[in-house]
Amino acid sequence: MLFEKVLVPVDLGIQSGDQVDCVIGMKDYGMRQAVLYFAVNVGDQPTSEEQAMLDALAAKMTNAGIDVKVVAEPGKPSTMILKAAKKEKVTLIAMSSVGKTKRQELVIGSVSLEVVRRTKVPVLVGRFSADRQNEGCKTRKLLDSVLISMDLGPGTKSLMQTFKDIDSVGCKKAVLFHVVQSAKYSVEDDLQFRQVKDTLAKWKDDHKGNSELDTHLHYGTPAYNILEAAREFDSTMIVMGNVGKGLFHSMTLGSVSDEVLRKSPVHVLIVPM
């Protein structure tokens, strides 16, 4: 199950409290354990202030009924996060999209991107502070409205398996979404559009879950249209693969996924292919 055991890397910056609040919300989706993780510089140990902050975050999770383990160890953050994910056998990594402290950084373009490029398990890159300002963690849940960006290649099965996991734990509604690239195809290419629509319809028809499922198609540049679709459908989370070279277009981390991660106003779940 996707949310069964979650690794929560924190930098103890301003977003860490929001991050933990949203992770606590995953309890509704079957989360049983959380590993609160803090990487310090090589040769260092957490300061007394940092340890107190870690303990406070852990206590918040414990008080919410979550079995939490706290790990603080030295090393390069991205490398240590990936090692911890493997060692702890987690099913999901949930990290903040932006965070800076004097000790280390967790920012899109550095640690977070390196983790999503190399991960073997799904990574939720969250806009936690934005959620707090908009009361997203209070009034809207992570799985209320999910946009699944599909390149319709071999990785589609992995995305749909992730959707099945999401659907089984309480997803309310989801949209299977695809962008026909304007750089590759003409807007008058009726055959291309029919192929895409038929493929999306087949995935929808095969859906046996409880969530409300729809399909949607845009024409243009992938990253821009994914972000526009997220706004159009008032999405609470975008789901996409980290690498995909599909039948209809390619989406590679460092281009489309990179831009979506940097610009998305909502959580982005990256599924390894």
Problem set entry | Considering residues of the range 219-238 that are in a helix (DSSP H, G or I) and of a type outside the set (D, E, K, R) only, the residue surrounded by the fewest Cβ atoms within 10 Å (Cβ to Cβ) | Tyr224
Seminar exercise, completed: Ala58: passes all of (1) modelled with pLDDT under 95; (2) of a type outside the set (D, E, K, R); (3) assigned to a helix (DSSP H, G or I) but (1)
For this session: Please indicate, with yes or no, whether at least one residue in the range 102-117 is modelled with pLDDT of 90 or more and within 28 Å of Trp203 (Cβ to Cβ).
Result: no
Problem set entry | Test: residue in the range 239-259 that is surrounded by 19 or more Cβ atoms within 10 Å (Cβ to Cβ), modelled with pLDDT under 90, assigned by TED's automatic domain parsing to the domain that holds Thr162 and assigned to a helix (DSSP H, G or I) | yes
Problem set entry | Residues being part of a loop (DSSP other than H, G, I, E, B) and either surrounded by 10 or more Cβ atoms within 10 Å (Cβ to Cβ) or among the basic types (Lys, Arg) (or both) - total across the range 178-195 | 6
For this session: State whether one or more residues within the range 198-210 are among the aromatic types (Phe, Trp, Tyr), within 17 Å of Ala174 (Cα to Cα) and modelled with pLDDT of 95 or more.
Result: no
Exercise. In the range 15-55, what residues are part of a loop (DSSP other than H, G, I, E, B) and either of a type in the set (Ser, Thr, Tyr) or outside the structural domain of Lys69 (by TED's automatic domain parsing) (or both)?
Worked result: Thr47
For this session: Can you give me the number of residues within the range 196-218 that are outside any helix (DSSP H, G or I) and closer than 10 Å to His178 by Cβ?
Result: 4
Problem set entry | Matching option when the condition is among the hydrophobic types (A, V, I, L, M, F, W, C), outside the structural domain of Val266 (by TED's automatic domain parsing) and on the phi > 0 side of the Ramachandran plot, among Leu92, Leu12 | Leu12
Exercise. In the range 69-99, what residues are touching a Phe, Trp or Tyr at 6+ places or on another chain (Cβ under 7 Å) and not β-branched (Val, Ile, Thr)?
Worked result: Ala72, Ala84, Leu92, Ser96
Exercise. With respect to Leu213, is the statement that it is farther than 20 Å from Thr156 by Cβ, at pLDDT 95 or above and of a type outside the set (Lys, Arg) true?
Worked result: no
Exercise. Got a sec? Which of Met1, Met95, Met26, Met61 is in contact with a Ser or Thr (Cβ under 9 Å, 6 or more places away or on another chain) and surrounded by 16 or more Cβ atoms within 10 Å (Cβ to Cβ)?
Worked result: Met95
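The values are calculated or read from the model by the stated rules, or taken from the named source; none is laboratory data. Quantities reported herein were computed from a predicted structural model and do not represent experimental measurements. With ideal geometry, Cβ positions are generated from the backbone for all residues, glycine too; neighbour counts draw on all protein chains shown.
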